[in-house]
Amino acid sequence: MVDFIEAQVESLIVAACAGVCTDLNVVGFWDAAAEGTVKTNPRSAVSVRITPRANDTWGLPVVTLHASVSVLMDQAEDPTGALMISAYASLSALLAGWQKDEEAASAALSIADVFRADAVLFADGGDCGYDEAMGAWYATIMLDIKGCVLDAPETQED
């Protein structure tokens with residue numbers, strides 16, 4: 001398991017998305033493929049990415065994690081677009097729940113003794129459409145996760 005905040009929070013989002021989009025693979029950017037396999041992104045999947053953190057102010061542990069959650073559906077697998085729309089609706093409801101309830105966001109996205117998630121905001125930059133080159137429908141939700149990097153408690157030795 002990776003030990004940096006971006007990857008750990010991303011894995012929490014991946015697990016939550018997998019819980020509401022059970023018919024699609026949910027792939028995290030920071031997830032490594034199993035030993036002996038090549039990391040790929042399925043043509044129809046939910047993709048979760050967290051970019052490296054941004055500090056909100058100098059000298060304080062307050063950070064913003066910029067995240068994207070994208071649904072990509074191969075037209076051959078979803079000719080009407082109904083599966084993509086259904087997956088987007090499920091993901092949107094999940095993420096809106098975090099945006100509306102800071103306690104729910106904190107419970108879902110905090111890492112004990114490492115990171116406390118304080119707020120989830122829908123960010124500018126979401127997108128949706130059809131990619132002609134790929135033959136795929138897509139919809140992306142952009143999120144800002146505001147929180148605080150915590151100091152891990154020191155271990156005491158006798």
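What the table below lists for this structure:
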{"quantity": "Segment 42-62, subset among the β-branched types (V, I, T) and within 25 Å of G19 (Cα to Cα), residue surrounded by the fewest Cβ atoms within 10 Å (Cβ to Cβ)", "calculated": "T51"}
{"quantity": "Failed criterion for A117 (all others in (1) more than 20 Å from E10 (Cα to Cα); (2) crowded, with 16+ Cβ neighbours inside 10 Å hold)", "calculated": "(1)"}
{"quantity": "Among (1) under 25 Å from I5 (Cβ atoms); (2) exposed (fewer than 13 other Cβ atoms within 10 Å of the Cβ); (3) in contact with a helix residue (DSSP H, G or I) (Cβ under 9 Å, 6 or more places away or on another chain), the one test that K39 misses", "calculated": "(3)"}
{"quantity": "Residue match in segment 78-90 (condition: at pLDDT 95 or above, under 21 Å from V9 (Cβ atoms) and among the hydroxyl-bearing types (S, T, Y))", "calculated": "yes"}
{"quantity": "Matching entry among P79, P42, P52 (being closer than 21 Å to C148 by Cβ and not hydrophobic (A, V, I, L, M, F, W, C))", "calculated": "P52"}
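The values are calculated or read from the model by the stated rules, or taken from the named source; none is laboratory data. Not measured: the values here are computed from a predicted model. As a convention, Cβ positions derive from the backbone with ideal geometry for all residues, glycine included, and neighbour counts pool all protein chains shown.
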